[in-house]
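For reference, the structure is listed below as structure tokens.
The values are calculated or read from the model by the stated rules, or taken from the named source; none is laboratory data. It should be emphasised that the depicted structure is a prediction, and the values quoted were computed from it without experimental measurement. Counting neighbours? That spans all protein chains shown, and the Cβs are built from the backbone with ideal geometry, glycine included. Accessible surface is based on the protein model in full, side chains and every heavy atom, while ligands, DNA and RNA are left aside. Shrake-Rupley method; radii C 1.70, N 1.55, O 1.52, S 1.80 Å.
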Amino acid sequence: EYYRKGLIKTPVCTEGEADLFKAEVKNFWTYYCCCQVDNFLPNRMFSQPSQRNRVLGILLYKYEAKGFLQWGHNFWYSQYSKYPIDPYKVTDAGNAFPSGDAFVVYPGKDGKPLNSLRHLVFNEAFQDLRALKLLETLTSRKHVMSILEFGLDTPLSFSTYPHEQQWLLELRERINKEISLNI
């Protein structure tokens, strides 16, 4: 509503509202947080398979997202920052959020962050996005989309994509092969 009234230029919607916003908003951004735990929406909670984290790059490409927002990088506190937590022992911000929502890095020696597996998978999602954009410059968006949705019963969306890990790995291999064929 704020966007329609001209009060904001770039609304950032949750993944669950992506189809509605993409249809109306030119500068499409999306985000996820503790709410995106159902319907296989991409996220990076401890209890979710890594595929739900990694598929994000492919969906950001499909939706031509201009940006992605995620608040929890190194929030090592309880909800409302009332007290610090030890993220090696407390993974839910003091029982406030699903485990994994508040941080993807851990405190390391000398204040340097240590990566988590979830952060490494998140990086892979963005490497997938970069590979798709590269392939588009070498071929066309239509060609890339035909590869992404090849053999699928329904078009990709934030809640509809193959949930098998093998699909994602084979898709990335096809993208890599297409890039090498077109360089």
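Considering 31, 61, the condition of being aromatic (Phe, Trp, Tyr) and under 9 Å from the mean Cα position of the chain (by Cα) is satisfied by 31 alone.
When we screen 2, 88 for residues that are over 28 Å from residue 133 (Cβ atoms) and modelled with pLDDT of 95 or more, the only hit is 88. The residue that is least open to solvent (accessible area, probe 1.4 Å), among those in the range 1-24 that are hydrophobic (A, V, I, L, M, F, W, C) and out of contact with any Ser or Thr (no Cβ under 8 Å at 6 or more places or on another chain), is 8. Scanning the range 79-90 for residues that are out of contact with any strand residue (DSSP E or B) (no Cβ under 8 Å at 6 or more places or on another chain) and either open to solvent by less than 70 Å² (accessible area, probe 1.4 Å) or not basic (Lys, Arg) (or both) gives 79, 80, 81, 86, 90.
Scanning the range 25-46 for residues being open to solvent by less than 60 Å² (accessible area, probe 1.4 Å), in contact with a strand residue (DSSP E or B) (Cβ under 9 Å, 6 or more places away or on another chain) and modelled with pLDDT under 90 gives a total of 2. Checking each residue in the range 96-110 for being open to solvent by 20 Å² or more (accessible area, probe 1.4 Å), in contact with a helix residue (DSSP H, G or I) (Cβ under 8 Å, 6 or more places away or on another chain) and under 15 Å from residue 47 (Cβ atoms) picks out only 97. Determine, yes or no, whether residue 131 is open to solvent by less than 20 Å² (accessible area, probe 1.4 Å), within 20 Å of residue 45 (Cβ to Cβ) and assigned to a helix (DSSP H, G or I). Spelling it out, it is not the case that residue 131 is open to solvent by less than 20 Å² (accessible area, probe 1.4 Å), within 20 Å of residue 45 (Cβ to Cβ) and assigned to a helix (DSSP H, G or I). Residues of the range 42-58 that are aliphatic (A, V, I, L, M), over 8 Å from the mean Cα position of the chain (by Cα) and in a helix (DSSP H, G or I): 58 alone. The single residue among 18, 93, 65 that is modelled with pLDDT under 95 and of a type in the set (A, V, I, L, M) turns out to be 18. Could you say whether any residue in the range 133-141 is among the β-branched types (Val, Ile, Thr) and more than 20 Å from the chain's Cα centre (by Cα)? Yes: one or more hits. Can you find a residue in the range 155-164 that is assigned to a helix (DSSP H, G or I) and at pLDDT below 95? Looking for residues that are assigned to a helix (DSSP H, G or I) and at pLDDT below 95, one finds none in the range 155-164, hence no.
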